[in-house]
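As structure tokens, the structure follows; a few thoughts come after it.
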Number of protein chains: 2
Amino acid sequence: MRGAVLYAPHDVRFEERPDPTIIEPTDALIRVTSTCVCGSDLWPYRGIEPVTKPTPMGHEYVGIVEEVGREVRTIKPGQFVVGSFFASDNTCPICQAGYQSRCLHKQPIGALGSQAQWLRVPLADGTLVATSDIPSDDLIPSLLSASDVLGTGWFGAVAADVEPGKTVVVIGDGAVGLLAVLASQQLGAERIIAMSRHPQRQQLAREFGATDIITERGDEGVEKIKELTDGIGAHSVIEAVGTQESMMQAIRSTRPGGYVGYVGVSHDVKLDGQELFFAEIHLHGGPAPVRRFLPDLIDRIWKRQIQPGKVFDLELPLEQVAEGYRAMDERRAIKTLLRP
Amino acid sequence: MRGAVLYAPHDVRFEERPDPTIIEPTDALIRVTSTCVCGSDLWPYRGIEPVTKPTPMGHEYVGIVEEVGREVRTIKPGQFVVGSFFASDNTCPICQAGYQSRCLHKQPIGALGSQAQWLRVPLADGTLVATSDIPSDDLIPSLLSASDVLGTGWFGAVAADVEPGKTVVVIGDGAVGLLAVLASQQLGAERIIAMSRHPQRQQLAREFGATDIITERGDEGVEKIKELTDGIGAHSVIEAVGTQESMMQAIRSTRPGGYVGYVGVSHDVKLDGQELFFAEIHLHGGPAPVRRFLPDLIDRIWKRQIQPGKVFDLELPLEQVAEGYRAMDERRAIKTLLRP
């Protein structure tokens, strides 16, 4: 088969890779019908995470099950499936508590590389969720978004205790941040303040439910948020960037007793214990346990209550994957959908 | 009146101080019947927090109301009262959310110095809770503990999501840690693992409900906790020290999706964002909003359901305050009760 391989910063190639096969009896083999480029793929692409050898890329996927191992019980060939970026058994105590991204037997899909024609998915019964039927084509981008960015934004909103009537701030206007806006709207937030200085992303944030836009960053951004929240900060703040500046902005924008949900993969962040102590906020986040939310998210998409697929503003054949990365790197695209 | 004043590290004196008076119409003036030395008083006493000028000490107190300002409505002269270490109006949005320690009009009692014969308590109606009657003498230590250490341990347990059936780890065997054990027992924890290498404190931890004692610290302590929790860590971990080692021990002892409640005042702690991200825990803490818990805690003490006053293993007249500090500094005493 063919798929995307990162050789060095800014050098992603579409090339021949070994065909995956069933290895474990709990595996499923799927034909990838859509995949995409993640904001987190840009960290190695930009060389901020080292690339030490040619690395298959991608961890988001939807597709058709072609074959299953002999111990797979619920997933069947022919089904259309959505999975998360961590394979999980969905039965261990950590999964049962809703943290499938930390399953005791988790396996990262990123190590297998979903930006390809075929994908072996470990722990298929625990990882994959099948739709009730083959979806119509217009639902595909939204279902694909559930594989990571929608589920991640949703987790950020849940971690930030978004509830009806609450004021929410979303830091980060990438796909995850924009979908955290959508999640907050779905979870009943009264006011949703999106931080963005990019007109097209501001527009999408408003479509997804943002009531206010703030263009300032860092401590200036914090001041603006305070102005909109009676001087005391927001109940819920979702951090979807992962830098020192954005994390401190999140903490400082939250009222005492409020909640920060952080889903931006953390890079070179150091939190000062004393500031955190006296901030007196709740802090929760990490790699999103997308599997926890998948059945609900698929249901909302299937009923056309939400259109998270709007974050894909560039669609390319998989063979043009290099351009897909470039467009996101240069912020010409929010998110690139790739069709093998 | 006379009271305790810290002049320099290890130099605390009992000396004449100005008599407090009603300044604001919302003040109450109380005759302090018992006060005590806090673990946090040891930070400046040891010179870890700078002492730049003679500083009145103390923030824990119970006493009899002698006089109230003209706007005080519910607190009356003659009542026995317990208050927290932050004066709070108990009506602002932050107080209403249960974070009276971050009240928009908060005033630290520590700045007034409760290790004295008299104390002016600002925002009396919001700060003080009166008992139904004058308590019998045996209840005084327990009621005094509610002013800070019991309330702080309780907040740690609540922040760590202690619930019936859960496994709890308590890091720190000072008064707050020991009372976090008691709080966890009262909140229904099934298993309570106390970290302590001090036989007398281990004994008290067991009296308060600890089911297991671990003497190792740091990463060795983490390993022992993992051994007791099927290799995955505890659901709830209460951090009651405030150092880098104890904070990291807390985070590493918690299972993914679990909760760290931190109430040890943070000193020189830096948290690595990436480790925190992949730990995927809940983190909450800070200066305990003791006022939130006071009515419930006083009720449990009044009914003799709990005896948190056992943490006082040294009782001295206030004039011997210097010995009270020394005994705690040298870990000869867990906590010193002082009677003016």
Roughly speaking, what is the centre-to-centre gap between region A:276-340 and region A:93-148 when only Cα atoms are used, to the nearest Å?
13 Å
Applied in sequence order to region A:308-319, the curve 6.51 cos²θ - 1.76 cosθ + 1.60 (Karplus, θ = phi - 60°) yields integer Hz couplings, x standing for Gly and Pro, of x, x, 4, 5, 7, 10, 8, 10, 9, x, 4, 4
Hey, can you grab everything whose amide H is under 5 Å from the amide H of A:THR254? Only 5+ residues off in sequence or another chain; H modelled, so Pro and N-termini drop out.
A:ALA234
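Over 19 Å apart: what share of the alpha carbon pairs of region B:151-285 falls there, rounded to a whole percent?
Numbers: 3469 of 9045 pairs.
Across region B:151-285, Cα pairs with separations above 19 Å total 38 percent.
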Projected onto the charge dipole of region B:151-285 (unit charges on the beta-carbon of Lys, Arg, Asp and Glu, signs +1, +1, -1, -1), the Cα from B:GLY218, B:PRO199, B:LEU228 with the largest positive-side position is that of B:PRO199
With x for Gly and Pro, the residue-by-residue ³J(HN,Hα) of region B:91-104, computed from phi through the Karplus equation 6.51 cos²θ - 1.76 cosθ + 1.60 at θ = phi - 60° and given in whole Hz, is 10, 5, x, 6, 4, 4, 7, x, 10, 4, 5, 10, 2, 4
Scan around A:ILE214 for amide H atoms under 5 Å from its own, H built in the peptide plane at 1.01 Å from N, and keep only partners 5 or more places away or cross-chain.
A:ALA194, A:MET195, A:SER196
Exercise: per-residue mean of other protein chain Cβ atoms within 10 Å, B:98-105:
3
Sort largest first and round to whole Å: the equivalent ellipsoid semi-axes of region B:203-266, each the square root of five times a Cα gyration tensor eigenvalue.
16, 16, 12
Normalising by the residue count of region B:151-285, find the relative contact order in percent from Cα pairs under 8 Å and 6+ residues apart.
27 percent
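Using only the alpha carbons of region B:64-145, what is the convex hull's orientation-averaged projected area in square nanometres?
On the way: hull surface 22.9 nm².
Across all orientations, region B:64-145 yields a mean hull projection of 5.7 nm².
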Using a Debye calculation, one point per C-alpha and no hydration shell, please list log10 I(q)/I(0) for region A:86-214 at q = 0.14, 0.19 Å⁻¹ in order.
-0.75, -1.09
Translational D in µm²/s for region B:15-55 (Stokes-Einstein at 37 °C, 0.692 mPa s, Kirkwood Rh from C-alpha pairs):
248 µm²/s
Considering the convex hull of the alpha carbon atoms of region B:6-74, report its projected area averaged over all viewing directions, in nm², one decimal.
5.7 nm²
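If you take the beta carbon distance between A:ILE134 and A:GLN244 as r and set R0 to 45 Å, what does 1/(1 + (r/R0)^6) give as a FRET efficiency, to the nearest 0.05?
On the way: r = 45 Å, r/R0 = 1.00.
Step by step, r from the Cβ atoms, then E = 0.50.
Taking every eigenvalue of the Cα gyration tensor of region B:124-180, multiplying by 5 and rooting it, what semi-axes result, largest first, whole Å?
On the way: eigenvalues 132, 37, 24 Å².
Square roots of five times the eigenvalues give 26, 14, 11 Å.
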Let me check the size of chain A from its C-alpha atoms; what are the radius of gyration and Dmax in Å?
19.4, 60
Under 19 Å Cα-Cα from A:LYS303, which aspartates and glutamates qualify once same-chain neighbours fewer than 8 residues away are excluded?
A:ASP133, A:ASP137, A:ASP138, A:GLU207
Rh (Kirkwood; distinct C-alpha pairs) - region B:1-151, Å
15.6 Å
Can you tell me how much longer the chain between A:ASP313 and A:HIS198 gets when fully stretched, taken as 0.36 nm per residue apart minus their C-alpha distance, in nm with one decimal?
40.0 nm
Residue by residue through region B:155-167, which ³J(HN,Hα) values in whole Hz follow from phi under the Karplus form 6.51 cos²θ - 1.76 cosθ + 1.60 (θ = phi - 60°), with glycine and proline marked x?
4, x, 5, 5, 5, 8, 6, 5, 9, x, x, 8, 9
Output, in nm with one decimal and in ascending order, the distances from the A:GLN96 label point to the matching label points of the other copies (7 Å from Cα along Cα-to-Cβ).
4.1
Sorted by chain and number, the residues with a modelled amide H under 5 Å from that of B:ILE238, at a separation of 5 or more or across chains, are B:VAL169, B:VAL170, B:ILE171, B:GLY261
Which distances in nm, rounded to one decimal and ordered from shortest, link the label point of B:GLY47 to the equivalent label points in the other identical copies, with labels set 7 Å from Cα toward Cβ?
4.9
Which pairs, out of A:LYS335/B:LYS270; A:LYS166/B:LYS226; A:LYS226/B:LYS106; A:LYS53/A:LYS335; A:LYS310/B:LYS270; A:LYS106/A:LYS270, put more than 29 Å between their alpha-carbon atoms?
A:LYS335/B:LYS270; A:LYS166/B:LYS226; A:LYS310/B:LYS270
In region A:15-81, the trypsin sites (Lys or Arg not before Pro) that fall in loop regions by DSSP, at most 13 other Cβ within 10 Å:
A:ARG46, A:ARG70, A:ARG73
What is the P(r) of the protein assembly as shown, as percent of Cα-Cα pairs per 20 Å bin from 0?
18, 44, 27, 10, 0
Restricting to chain A, what percent of DSSP beta bridges are antiparallel, rounded to 5?
55 percent
If you put a point 7 Å past Cα along the Cβ direction, how far is that point for A:ASP230 from the same point in each other copy, in nm, smallest first?
4.4
For region A:253-322 the trypsin sites (Lys or Arg not before Pro) that pass both the DSSP coil test and the at-most-12 other-Cβ-within-10 Å test are A:LYS303, A:ARG304
FRET efficiency, 1/(1 + (r/R0)^6) with R0 51 Å, evaluated for A:GLU227 and A:THR55 via beta carbons
0.70
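Any read-out appearing in this document is the output of simple, stated calculations on the displayed coordinates, not a laboratory observation. Just so you know, these numbers come straight off a predicted model, no measurement behind them. Don't worry about glycine lacking a Cβ; one is built from the backbone with ideal geometry, like all the others, and counts go over all protein chains shown.
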